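**Student:** I'd like to ask you about the structure that follows.
The values are calculated or read from the model by the stated rules, or taken from the named source; none is laboratory data. A quick note: this is a predicted structure, and the numbers were derived from the prediction, not measured. Note that we place each Cβ from the backbone using ideal geometry, even for glycine, and neighbour counts take in every protein chain shown. The accessibility values were calculated without ligands, DNA or RNA, using every heavy atom of the protein model including side chains. Shrake-Rupley method; radii C 1.70, N 1.55, O 1.52, S 1.80 Å.
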Amino acid sequence: MTHVPARPGGRPTTRARLRATLVAAAAGVAALGTTLALAPGASAATTLGASAAQTGRYFGTAVAANKLSDATYVGILNREFTMVTPENEMKWDATEPTQGQFTYANADRIVNHARANGMRVRGHALAWHSQQPGWAQNLSGPALRSAMVNHVTQVATYYRGKIHSWDVVNEAFADGGTGARRDSNLQRTGNDWIEVAFRAARAADPTAKLCYNDYNTDGQNAKSNAVYAMVQDFKARGVPIDCVGFQSHFNSASPVPADYQANLQRFANLGVDVQITELDIEGSGSAQADNYGRVVRACLAVSRCTGITVWGIRDTDSWRASGTPLLFDGSGNKKPAYTATLDALNAGGPTTPPTTTPPPTTPPPSTPPPGGASCTASVSLDSWTGGFVATVRVTAGASAVSGWTVGLTLPAGAAVTNSWNAQPSGTSGSLTFRNLSYNGQLGAGASTTFGFQGTGVGPSATPTCSAS
């Protein structure tokens, strides 16, 4: 069955269906920008991925396998992003075109490229009413239910350990004001089909985060309320669900809702992560830039908003190309929306609650230099197969310091790809990181942090620290 090029998970092709029930006044949208204070001492990272990593988040993009031969496309991908989502290559029609016969070649191209470049992968999507192979469309009842469970199990097992988050179920709720489930062949197998899919995914891959993903749920409305009630029920009954994805496709008829941040927060309050999964905003110039900044600031204001994915790289790669909705123009040049996004990310926000290896509680002090100034350093890691983000805390000793230098060694095969809040020397082997102009002076007992992203395995030994 032919894939739908550059079309995200089930977005309606008619703009009239794009969140027609939501109304957001511009003044209300602007209020999102006032809820987040700038993080003190935030550095000016120069790429989207590095700036998002400063607060423990990822910044990703949708990737098409057939564009991995485009040098401009790949150059931007490798430079800017730390998470990738296959556009169509992991959907049911792509991975199981014939019942029981699985093909992963195109999906593997994306996964292998991501892992080779220290990026993580969002899997999209295991169970969805659209882009089903013809044989599945012709099934119903118990036969379809069994086929769905087998598909979820086989695909999630194949990619076990390689996927950060799975969109387990995609777009299962109807548009409109009823809050009803979408009438689909999967829904007609029984109202518990979503729960069954999540349980099958957890059994197949116990470590991946399992997400429900949908559109027109960016603000509080009948559809998002229905999704909220489902997630609340799942959490209460122990159904495995870790995250909710908000597609966030916006244009003038479907703007960023005034309660966007509040809606993300109410889902996070249920005990799940929230992810912006398919972001694109039609428009141009300062208006588009302002909207991108508002969305980013809303995510940063919610500690459990763990990352943002834009649905494509250049405007010409978008399923909505005529609306020029992305951060790079068709030639790969950065747009004002890119600058606004990077600036908002660099302004910082609440850091995601740590799920990483904690630093040593009593790091050994380094040898004090002449004059009595001393410092210690400790490192914590957020690791995945093929890459890591390291956060290093530098703490002054009993006396104030006017500068510091941290030394550490990367394991063989590891390399630094981005860093922030410090000046690095080298990218592999034995490394040193020196303070920048704004974070070198520390009072007695005071701390600062810097970080870096890399490929391979992160450092495990306690860093050394010398002070001046």
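**Student:** So in segment 398-427, with the set limited to residues that are open to solvent by less than 20 Å² (accessible area, probe 1.4 Å) and either at pLDDT 90 or above or in the same structural domain as A53 (by the TED database) (or both), which one is nearest to the chain's Cα centre (by Cα)?
**Tutor:** Only one residue fits best here, namely A414.
**Student:** So, in segment 259-309, exactly how many residues are surrounded by fewer than 24 Cβ atoms within 10 Å (Cβ to Cβ), closer than 17 Å to I241 by Cα, touching a Lys or Arg at 6+ places or on another chain (Cβ under 8 Å) and touching a residue at least 40 places away in the same chain (Cβ under 8 Å)?
**Tutor:** The number of residues fulfilling the criteria is 3.
**Student:** Something else about it: Given the criterion in the same structural domain as T316 (by the TED database), of a type in the set (K, R), in contact with a strand residue (DSSP E or B) (Cβ under 7 Å, 6 or more places away or on another chain) and modelled with pLDDT of 95 or more, identify the matching residue among R120, R160, R79.
**Tutor:** R120
**Student:** Identify all residues within segment 214-247 that are of a type in the set (K, R) and either free of Cβ contacts under 8 Å to residues at least 40 places away in the same chain or open to solvent by 10 Å² or more (accessible area, probe 1.4 Å) (or both); write none if there are none.
**Tutor:** K235, R237
**Student:** Report yes if Y104 is touching a residue at least 12 places away in the same chain (Cβ under 8 Å), in contact with a helix residue (DSSP H, G or I) (Cβ under 8 Å, 6 or more places away or on another chain) and more than 25 Å from T153 (Cβ to Cβ), otherwise no.
**Tutor:** no
**Student:** Further question on the same structure: Taking A373, is it more than 30 Å from G285 (Cα to Cα), among the hydrophobic types (A, V, I, L, M, F, W, C), open to solvent by 60 Å² or more (accessible area, probe 1.4 Å) and modelled with pLDDT of 85 or more?
**Tutor:** No: the conditions fail for A373.
**Student:** So, one more: Has segment 159-168 got at least one residue that is over 22 Å from the mean Cα position of the chain (by Cα) and either open to solvent by 20 Å² or more (accessible area, probe 1.4 Å) or under 30 Å from G219 (Cβ atoms) (or both)?
**Tutor:** For segment 159-168, residues over 22 Å from the mean Cα position of the chain (by Cα) and either open to solvent by 20 Å² or more (accessible area, probe 1.4 Å) or under 30 Å from G219 (Cβ atoms) (or both): absent.
**Student:** Also, I was wondering about something else. When the residues of segment 156-192 are narrowed to those that are polar (S, T, N, Q) and not in a helix (DSSP H, G or I), which ends up nearest to G118 (Cα to Cα)?
**Tutor:** S165
**Student:** Which residues, counting only those in segment 87-144, are open to solvent by 30 Å² or more (accessible area, probe 1.4 Å) and under 26 Å from A174 (Cα atoms)?
**Tutor:** If the condition is that a residue be open to solvent by 30 Å² or more (accessible area, probe 1.4 Å) and under 26 Å from A174 (Cα atoms), then H129, G134, W135, Q137, N138, L139, S140, P142, A143 are the ones that fit.
**Student:** Another one. Among helices (runs of 4 or more DSSP H) lying entirely in segment 59-155, which contain 1 or more residues that are among the hydroxyl-bearing types (S, T, Y)?
**Tutor:** Because the criterion is at least 1 residues that are among the hydroxyl-bearing types (S, T, Y), the helices (runs of 4 or more DSSP H) in segment 59-155 that meet it are 71-80, 92-95.
**Student:** Filter segment 222-266 down to the residues that are among the charged types (D, E, K, R) and part of a loop (DSSP other than H, G, I, E, B) and list them by number.
**Tutor:** Passing the criteria: D242, D259.
**Student:** Moving to a separate point now. Would you confirm whether any residue within segment 305-327 is more than 17 Å from T61 (Cβ to Cβ), charged (D, E, K, R) and not in a strand (DSSP E or B)?
**Tutor:** The answer is no; no qualifying residue exists.
**Student:** If V392 satisfies all but one of (1) closer than 11 Å to P459 by Cβ; (2) surrounded by 19 or more Cβ atoms within 10 Å (Cβ to Cβ); (3) more than 26 Å from the chain's Cα centre (by Cα), what's the number of the condition it fails?
**Tutor:** (3)
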